[in-house]
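Below is one structure, written out as structure tokens, with a few remarks after it.
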Amino acid sequence: MPALLFDLDGTLLETDPLHAAVFVDIFAEHGRDVDEAFYMKHIHGRLNAEIFEEYFPDSHTQEMADDKEARFRERLGGSAEPLPGLLALLERAEAAGWPMAVVTNAPRENAEAMLSAIGLDGRFATIVLGDDCPRGKPDPYPYAHAMRLLGVTPGQTLAFEDSRAGIASAAGAGATVLGVTTGLDADTLRAAGATATIRDYTDPALETEIRRIEGATA
């Protein structure tokens, strides 16, 4: 029986353009000129604490992080579209009794806002937040902890990720990782450790991996 572990940003819904725009604005306000390519290469998937401590060590980094996330939530608004095929996959998993969890570096307020925006508030009984872990992604701890909470093994776990840090975390915990190409291309995701890639949850490659895990755990 497969267990499905989902990253949130860029994996359940497309959010990278929103995050990138906010970071570009904040960096500019502090005298640094960056663009979306810089965001994807140096910031994408990382914890706020690490980002602001690296680039603005002499500033009030927690205040900057809080401001950044408030701006993101404002840009997100109250409604967004989940990735194509996601709702059908969740309904299939629920009907079959497959364990599921969200594993994200996003702060709690952001996670709640994003899940609410795509109509999935309360849909996941298990949510692992980076802020609640001793080490966030790319460390394997968040995904390993999710597996412990669900009572599943790495061999039955299929993780969905869109960032290098997330793929490193999930792969390090032993999960099969499907890279979602919302932000990075397939070659980059595979180079980071993804077993295969999908454009969204209608991609035939998803069914191939589900059947492989079902066969391995039968």
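The values are calculated or read from the model by the stated rules, or taken from the named source; none is laboratory data. Every value quoted in this text rests on a predicted model; they were computed, and no experiment measured them. Cβ atoms come from the backbone with ideal geometry, glycine included; neighbour counts cover every protein chain shown. Surface areas here come from the heavy atoms of the whole protein model, side chains and all, with no ligands, DNA or RNA. Shrake-Rupley method; radii C 1.70, N 1.55, O 1.52, S 1.80 Å.
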| Looking at the range 29-49, which of its residues are closer than 15 Å to residue 105 by Cα and in contact (Cβ under 8 Å) with a residue 60 or more places away in the chain? | 44, 45, 46, 47
| query | Which of the residues that make up the range 156-175 are free of Cβ contacts under 8 Å to residues at least 40 places away in the same chain, buried (at least 21 other Cβ atoms within 10 Å of the Cβ) and not in a helix (DSSP H, G or I)? | reply | 173
| query | Taking into account only those residues within the range 187-215 that are touching a residue at least 40 places away in the same chain (Cβ under 8 Å) and assigned to a helix (DSSP H, G or I), which is surrounded by the fewest Cβ atoms within 10 Å (Cβ to Cβ)? | reply | 214
| task | Tell me which residues, restricted to the range 81-102, are among the small types (Gly, Ala, Ser), in a loop (DSSP other than H, G, I, E, B) and open to solvent by 30 Å² or more (accessible area, probe 1.4 Å). | result | 97
| request: Determine which single condition residue 53 fails, assuming it passes every other condition in (1) exposed (fewer than 14 other Cβ atoms within 10 Å of the Cβ); (2) assigned to a helix (DSSP H, G or I). | output: (1)
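Residue-by-condition table, conditions (1) farther than 17 Å from residue 4 by Cα; (2) among the acidic types (Asp, Glu):
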| residue | (1), (2) |
| --- | --- |
| 168 | no, no |
| 180 | no, no |
| 190 | yes, no |
| 207 | no, yes |
| 210 | no, no |
| On the given criteria, is residue 155 small (Gly, Ala, Ser) and more than 24 Å from residue 215 (Cβ to Cβ)? | no
